[in-house]
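Contents: one structure, followed by commentary.
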Amino acid sequence: MNYSLYRADSMKLIRDPKKRHELLLSEKSSNGIKVIPSQSRYKYDPMPPLVIENNKFKIEEVLLDELVRSENQFPTPLYVYSKRRLIENYLTFEHAFSSAFSKYGMNVIINYACKANSNPTILRILLELGANIDAVTVEEVKHCMACGYEPNQIFYTGVSNSKEDINWLLENGVQINFDAIEDLKKINKINLEHLRTGSFRVIPNISAGHHHKTHTGHEGSKFGVPYSQIVEAYAHLVDLGVKKFGIHCHIGSGSLEVEPFIATVNAMMEILTKLKKELGIEVSYIDFGGGFGVPYRLENEPINLKEVAESSAKIIHNRLKELGYKTLPEIHYEPGRYIVCDASVILTRVNTIKRSGDTNYALVDASMATLIRPAMYDSYHHILSEKSANSNITEKEEYCVAGRVCESGDVLNKRIMLPKLSEGDILIITNAGAYGYQMALATYNGIGLPAQVMISEKSIYPISNPLVTQEIYGLSRAYNYMKLFNE
């Protein structure tokens, strides 16, 4: 069973990982600590973070009606997050890996992949939990620093790096996992003294993910140093006088299988063997990236984190011992989707019900501008009606849930059985926390961005306001249109 740990009064989180892990294994409460048992991990009906009470859906202690049908209702579409579920996911991941590696005397560092969702409130919650950051652009680095992260808490693994990017990162003390040998040529001589730990993202020739567009670890990938060039890359670091080293890989995003992660561990151990034998290099950290998937479909099983963690820890310890490592390296992981995905849903209102040919459309105010994953990756997001919480409603019809963007591809779910719908009904799009709002389209069709709210027990906290596209257009007019026509 998983647990979320809060102080009963202030909801302040317990910062000491060891203390958290002890309490994760206990149902006792002491010293004002309230231990809240979760539902089964990814138990469906309802999907997290939803629960049913008196035939109505709620998130934590807040009924969805309070969000979209009350006097102070929020406009739809609306992203809704559960603070409890967010924390629970982080603690589950952290405990699985920290407990497995600590048996072998290795420390695990969690670098949250902020590209999944970089809302400042989410970043602050994870900072309080002890998370570091995996960033892929300088803009993400600056954003996370503005949200309270120190430069030494941020690990940068970007592609297509400019000279300005690399030197700014070095000057500001951010650790870089270089993407290419060519990146080293962009370092100003004055900044070589800041290159304290030299690290590359490497291609292990293993790739996995929920869609071919999310595979990144294969030969020919645009990301990282090709397998055949890895020793050469580290030789360049040695030539620059670097004495301390790290290594990074990432095979892809959204895998639910254990095998690709174990295969990656074995591949990385082979790479470390080459570096040790040919260059005498021992790394101070190994970053295995992220890619841990979540179940989007009813038939999907969750990934077995415990098996990944325990198998990986054993292999790494034994192989490094064989190599004669003097000091065991830190082990880094970069979960993103796993932390935030099922902590959020989108609430959307039905505008029109109509039939076209054999298709029964439920046309809603959300769209591919709100959630692009179905259009971009053919991704499945399960959808519920607010009526789905009422066990007395048994009549169902098949619908194609589509949005208001002028694109035939703007379909959120092609075929879903739902209680008979009417205009004005609220639908709930699940698993929306990762690559949802983060990839939303602010200007297409002039739709803008939806609001976001965070639920914490009985409280509702707005964490971003709607962004009306006219505001963006207004900036453009101010800088271009008005200047042009007023001259």
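The values are calculated or read from the model by the stated rules, or taken from the named source; none is laboratory data. Everything numeric in this text was worked out from a predicted model, so none of it was measured. Neighbour counts are summed over all protein chains in view; Cβ atoms, including those assigned to glycine, are modelled from backbone coordinates with ideal geometry.
Answer with yes or no whether Glu322 is without any contact (Cβ under 8 Å) to a residue 40 or more places away in the chain and either among the hydrophobic types (A, V, I, L, M, F, W, C) or in contact with a helix residue (DSSP H, G or I) (Cβ under 9 Å, 6 or more places away or on another chain) (or both). Break it down into steps so the answer makes sense when it comes.
On the way: without any contact (Cβ under 8 Å) to a residue 40 or more places away in the chain: yes; either among the hydrophobic types (A, V, I, L, M, F, W, C) or in contact with a helix residue (DSSP H, G or I) (Cβ under 9 Å, 6 or more places away or on another chain) (or both): yes.
Criteria met by Glu322.
Within segment 68-90, count every residue that is farther than 14 Å from Pro466 by Cβ and surrounded by fewer than 23 Cβ atoms within 10 Å (Cβ to Cβ).
Residues that pass the stated criteria total 5.
Being buried (at least 23 other Cβ atoms within 10 Å of the Cβ) and either at pLDDT below 95 or under 16 Å from the mean Cα position of the chain (by Cα) (or both) is the requirement here; does Ala131 meet it?
no
Taking the condition at pLDDT 80 or above, within 21 Å of the chain's Cα centre (by Cα), surrounded by fewer than 19 Cβ atoms within 10 Å (Cβ to Cβ) and assigned by TED's automatic domain parsing to the domain that holds Phe155, does Glu257 pass?
So Glu257 fits the description; yes.
Name the single residue that is surrounded by the fewest Cβ atoms within 10 Å (Cβ to Cβ) among those in segment 428-449 being out of contact with any Gly (no Cβ under 9 Å at 6 or more places or on another chain) and in a strand (DSSP E or B).
Leu449
Identify all residues within segment 325-356 that are more than 23 Å from Glu259 (Cα to Cα), of a type in the set (Gly, Ala, Ser) and in contact (Cβ under 8 Å) with a residue 12 or more places away in the chain; write none if there are none.
Scanning segment 325-356 gives Ala343, Ser344.
So which residues in segment 300-355 are of a type in the set (A, V, I, L, M, F, W, C), surrounded by fewer than 22 Cβ atoms within 10 Å (Cβ to Cβ) and under 16 Å from Glu282 (Cβ atoms)?
Correct list: Leu323, Leu328.
Can you name the residue in segment 271-289 that is among the charged types (D, E, K, R) and surrounded by fewer than 21 Cβ atoms within 10 Å (Cβ to Cβ) and, of all such residues, is nearest to Ile154 (Cα to Cα)?
So, considering only residues that are among the charged types (D, E, K, R) and surrounded by fewer than 21 Cβ atoms within 10 Å (Cβ to Cβ), the one nearest to Ile154 (Cα to Cα) is Glu282.
Report, by residue number, each residue of segment 376-386 that is under 17 Å from Thr348 (Cα atoms) and either in contact with a helix residue (DSSP H, G or I) (Cβ under 6 Å, 6 or more places away or on another chain) or among the small types (Gly, Ala, Ser) (or both).
Passing the criteria: only Ser385.
I'd like to check something: does segment 76-94 contain any residue that is at pLDDT 95 or above and part of a loop (DSSP other than H, G, I, E, B)?
yes
Do we find that Ile316 is assigned by TED's automatic domain parsing to the domain that holds Gly254, assigned to a helix (DSSP H, G or I) and closer than 23 Å to Thr197 by Cβ in this structure?
In short, yes.
When you scan segment 402-427, how many residues do you find that are on the phi < 0 side of the Ramachandran plot and either of a type in the set (S, T, N, Q) or part of a loop (DSSP other than H, G, I, E, B) (or both)?
Of the residues in segment 402-427, 14 are on the phi < 0 side of the Ramachandran plot and either of a type in the set (S, T, N, Q) or part of a loop (DSSP other than H, G, I, E, B) (or both).
Looking at (1) more than 29 Å from Ser408 (Cα to Cα); (2) of a type in the set (Phe, Trp, Tyr); (3) assigned to a loop (DSSP other than H, G, I, E, B), can you tell me which one Tyr296 breaks?
So Tyr296 meets the others, but not (1).
Within segment 387-408, take every residue that is modelled with pLDDT of 95 or more and in contact with a helix residue (DSSP H, G or I) (Cβ under 7 Å, 6 or more places away or on another chain) and give me the one that is nearest to Asn351 (Cα to Cα).
Val405
Give the residues of segment 56-75 that are free of Cβ contacts under 8 Å to residues at least 24 places away in the same chain and either more than 29 Å from Pro419 (Cα to Cα) or assigned to a loop (DSSP other than H, G, I, E, B) (or both), sorted by residue number.
Hits for segment 56-75 are Ser70, Glu71, Asn72, Gln73.
Out of all the residues in segment 149-163, is one or more of a type in the set (Asp, Glu), farther than 18 Å from Tyr435 by Cβ and under 16 Å from the mean Cα position of the chain (by Cα)? Show your work before the answer.
Step one: list which residues in segment 149-163 are of a type in the set (Asp, Glu), which gives 150.
With farther than 18 Å from Tyr435 by Cβ added as a condition, the list becomes 150.
From what is left, the residues that are under 16 Å from the mean Cα position of the chain (by Cα) are none.
No, the conditions are met nowhere in segment 149-163.
Given the conditions (1) surrounded by fewer than 20 Cβ atoms within 10 Å (Cβ to Cβ); (2) among the aliphatic types (A, V, I, L, M); (3) under 24 Å from Lys243 (Cα atoms), report the number of the one that Val108 does not fulfil.
Of the numbered conditions (1) surrounded by fewer than 20 Cβ atoms within 10 Å (Cβ to Cβ); (2) among the aliphatic types (A, V, I, L, M); (3) under 24 Å from Lys243 (Cα atoms), the odd one out for Val108 is (1).
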